[in-house]
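The structure appears right after this line, and notes come after that.
The values are calculated or read from the model by the stated rules, or taken from the named source; none is laboratory data. No experiment lies behind these values; they were computed from the predicted model shown. Cβ sites come from the backbone with ideal geometry, for glycine too, and all protein chains shown count toward neighbours. When the accessible area is computed, the model is the full protein with side chains, heavy atoms only, and any ligands, DNA or RNA have been set aside. Shrake-Rupley method; radii C 1.70, N 1.55, O 1.52, S 1.80 Å.
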Amino acid sequence: YVVIVFLRYMMLAIEHRMNNDERCFGELFYSVCDELPDITWLEAFRILMATFMAIGSEKLHLTEDELESMINDFMSALPLALKNKITKLV
């Protein structure tokens, strides 16, 4: 019953969006979305880590060694599959 309720809700949400949402005017929504550049998962991870390091050094006044230690601890705490994917890409 739960699956049927969720499916019904999704169909109603799609119908509502198609009738009421201004973003659904033909190809306009997809044309605007295509203008946004896609970044890879690794690029997003690098941006997050760079932001973490910048905040750590500015706000928390951590040294470069302390930040490296925190990143190494973080990387060692990741699941093995994720850690392998990151190290292969780097």
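Applying a threshold of 9 Å to beta carbon distances and a minimum spacing of six or more residues, or different chains, the list of pairs starting in the stretch 38-59 at a residue that is farther than 20 Å from residue 87 by Cβ and ending at one that is at pLDDT below 85 and among the β-branched types (Val, Ile, Thr) is empty.
The single condition among (1) out of contact with any helix residue (DSSP H, G or I) (no Cβ under 8 Å at 6 or more places or on another chain); (2) open to solvent by 100 Å² or more (accessible area, probe 1.4 Å); (3) modelled with pLDDT of 85 or more that residue 64 does not satisfy is (1).
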